[in-house]
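The values are calculated or read from the model by the stated rules, or taken from the named source; none is laboratory data. As the structure is a computational prediction, the values presented were derived from the model and not from experiment. Don't worry about glycine lacking a Cβ; one is built from the backbone with ideal geometry, like all the others, and counts go over all protein chains shown. In case anyone asks, the SASA skips ligands and DNA or RNA and just uses the protein heavy atoms, side chains included. Shrake-Rupley method; radii C 1.70, N 1.55, O 1.52, S 1.80 Å.
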Amino acid sequence: MSRKELKSEFGDVTATETGLRRFLHGLPGVDPVGLEARAAALGTRSIKTTAKAYALDLAISMIDLTTLEGSDTAGKVRALGAKAVLPDPSDRSTPQTAAVCVYPDMVATAKAAVAGSPVRVASVATGFPAGRVTLDVKLADTREAVAAGADEIDMVIDRGAFLAGNYGKVHEEITAVKEAAGDARLKVIFETGELSTYDNIRRASWLAMLAGADFIKTSTGKVGVNATPANTLLMLQAVRDFRDRTGVQIGVKPAGGIRTAKDAVKFLVLVNETAGPDWLDSHWFRFGASSLLGDLLMQRQKLRTGRYSGPDYVTVD
């Protein structure tokens, strides 16, 4: 089913607030105990050395290497871009990361830093991280980032509108940002730690996918609760079920709190066992991380040389 056909298929659902509410509240309820037990059980899976080497390289290739601080400078962004292109200068077989993620005003700098490589530039937009700005500002933010060269846009939803049940407003804003993004892929951030319930995370996932999201993303990394195995598992179930129903595949990006290679491997197991191997690719799964890469590089070197080099082996962001 094409995007155009998707809009036609769900036109009655998305045309009115009542239709959206009926559809979203008609989704199956989430069993919190069962969801968390399933996520915990998958987290105990172990993998062999050869598979671990593959998983480490895959995880590196899925990272959106990120800096989203008020103190960001052009020099820091250039260094981040260089790290994305050549994560381990001592081993050029190390995969490049999927993208670097920066604020809109740093997109041009990031684009120049990764020029000539397949590393993409992602930019947060739409009033990140709160999302509490007018739609006009959100669209201007998006257009500015795309004009500067962003390949991907990470937008935040208005959680206040969503929690108040104003699903039509959230749908309208995602649709408008998707249009403003043009050819750039759109990741829609829910801030799952603020959505209160698993049922809300499931509803937000379907709402974003119906509105045209290319990716659904757990969080901004700016609140206390970010990506967890359970909320990521739930979103993986949503994209799996959405593709089963529509034929349209949507990506998933857990972000915030994933710091170690062990954590990353657990999330890859979740992907494989829930959505399936079609999602084991950087086009469909990403890690939003600023510190994960360092541990992945150390673990990779341990497999290659038989010894740990220590934290000074990798640069500190």
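At a glance:
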item: Residues of segment 234-247 classified as within 14 Å of the chain's Cα centre (by Cα) and part of a loop (DSSP other than H, G, I, E, B), total; result: 0
item: Of all residues in segment 282-298 being open to solvent by less than 30 Å² (accessible area, probe 1.4 Å) and of a type outside the set (A, V, I, L, M, F, W, C), the one that is farthest from Phe215 (Cα to Cα); result: Gly294
item: Pairs with Cβ under 8 Å, 6+ apart, first in segment 190-201 and without any contact (Cβ under 8 Å) to a residue 40 or more places away in the chain, second open to solvent by 50 Å² or more (accessible area, probe 1.4 Å) and part of a helix (DSSP H, G or I); result: Glu194/Leu163; Leu195/Leu163; Ser196/Leu163; Asn200/Leu163
item: Residue ID - nearest to Lys187 (Cα to Cα), chosen from residues in segment 120-155 that are among the β-branched types (Val, Ile, Thr) and open to solvent by 10 Å² or more (accessible area, probe 1.4 Å); result: Val146
item: Test result for Gly288, of a type outside the set (Ser, Thr, Tyr) and in a strand (DSSP E or B); result: yes
item: Residue count for segment 72-85, restricted to those that are surrounded by 14 or more Cβ atoms within 10 Å (Cβ to Cβ) and part of a loop (DSSP other than H, G, I, E, B); result: 1
item: Only one of Lys262, Lys266, Lys187, Lys178 that is surrounded by 23 or more Cβ atoms within 10 Å (Cβ to Cβ), among the charged types (D, E, K, R) and not in a loop (DSSP other than H, G, I, E, B); result: Lys187
item: Residue within segment 135-154 that is part of a strand (DSSP E or B) and either closer than 24 Å to Leu24 by Cβ or touching a Phe, Trp or Tyr at 6+ places or on another chain (Cβ under 6 Å) (or both) present; result: yes
item: Search result, residues across segment 21-43 that are within 16 Å of Leu195 (Cβ to Cβ) and surrounded by fewer than 11 Cβ atoms within 10 Å (Cβ to Cβ); result: Gly29
item: Any pair with Cβ under 6 angstrom, 6 or more apart, that starts in segment 281-306 at a residue that is within 19 Å of Asn226 (Cα to Cα) and at pLDDT below 85 and ends at one that is crowded, with 21+ Cβ neighbours inside 10 Å and not small (Gly, Ala, Ser); result: Ala289/Ile63; Ala289/Ile258; Ser290/Thr66
item: Test: Asp12 is without any contact (Cβ under 8 Å) to a residue 60 or more places away in the chain, open to solvent by 60 Å² or more (accessible area, probe 1.4 Å) and over 30 Å from Pro277 (Cα atoms); result: yes
item: Some residue of segment 51-69 being assigned to a loop (DSSP other than H, G, I, E, B) and open to solvent by 70 Å² or more (accessible area, probe 1.4 Å); result: yes
item: Hey, Asn231 closer than 25 Å to Arg45 by Cα and assigned to a loop (DSSP other than H, G, I, E, B) or not; result: no
item: Test for Met106: is it under 20 Å from the mean Cα position of the chain (by Cα), in a helix (DSSP H, G or I) and among the hydrophobic types (A, V, I, L, M, F, W, C); result: yes
item: Residue list for segment 195-226, filter: at pLDDT below 95 and either of a type in the set (D, E, K, R) or part of a helix (DSSP H, G or I) (or both); result: Lys222
